[in-house]
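To start, the structure under review is shown below, and the notes come after it.
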Amino acid sequence: MSRPVPIWNVHEQYEDDIIETLENTFGALEYGDDLLTALIYAASNAVEDNFSDYLSELMYCREDSFLEELDELNVKKYFKEALECSVSYMLLERCCGGAADDYRKLVDFSSVINFNTRETLNALGTAASDISEMALREISATVRNLQIAEKKQIRTFAEKPKVQYPNNTKNISNSERSFDNGNHI
């Protein structure tokens, strides 16, 4: 039996919580006033923290590519630039839809051209996918927790009002069964 995949969407009321999650996970965001800039800076921080894990594979497979003649410092530079653009684009596409196309127009993806062999492109794609997945998992968990909290607040039935009984029962008389009422049915 298959398990349903939870589909989540970013709504405006979730943005502050998502920004807080991104800051807690990937460090302080240089500009995090709105979700778009927070995603871009979180992507940059995530790439900074993780790109070295993938650099050795790229250094190994750069033969016959435009990266082959470059020293390690320049390979790092191009790799980091390409990763930041790619990860930012993926986060924006998943979380903000059309904003990713606007972002693509503003950012120079020219560093991706240097990854012109199957191996180097695979190294870039694997790193971009893994780093994006880290960020998207955090965002997904935050959104799902917010959605669960919202569902718990929604009630389909009104809660029963609490009935307040008087503390002093000595003054209450049951006039229905008193001697004054009589005993006829």
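Quick notes on this one:
- Filter pass, LEU124 being under 28 Å from TRP8 (Cα atoms) and under 13 Å from the mean Cα position of the chain (by Cα): no
- Looking at the stretch 1-107, the helices (runs of 4 or more DSSP H) lying wholly inside it that each contain 2 or more residues that are under 19 Å from the mean Cα position of the chain (by Cα) and of a type outside the set (Gly, Ala, Ser) sit at 15-26, 35-60, 72-96.
- Flag for PHE109 being of a type outside the set (Val, Ile, Thr) and at pLDDT below 95: yes
- The stretch 47-65 residues that are in contact (Cβ under 8 Å) with a residue 12 or more places away in the chain, paired with ones that are not polar (S, T, N, Q) and not in a helix (DSSP H, G or I) (beta carbon under 6 Å, 6 or more apart): ARG62/GLU68
- Being surrounded by 22 or more Cβ atoms within 10 Å (Cβ to Cβ) and hydroxyl-bearing (Ser, Thr, Tyr) is a property that holds for SER88.
- Here the condition is being closer than 24 Å to ARG104 by Cβ, free of Cβ contacts under 8 Å to residues at least 40 places away in the same chain and exposed (fewer than 11 other Cβ atoms within 10 Å of the Cβ); of TYR31, TYR78, it holds for TYR31 alone.
The values are calculated or read from the model by the stated rules, or taken from the named source; none is laboratory data. Small disclaimer: the values here were computed from a predicted structure and weren't measured. Positions of Cβ are backbone-derived with ideal geometry, glycine not excepted, and every protein chain shown enters the neighbour counts.
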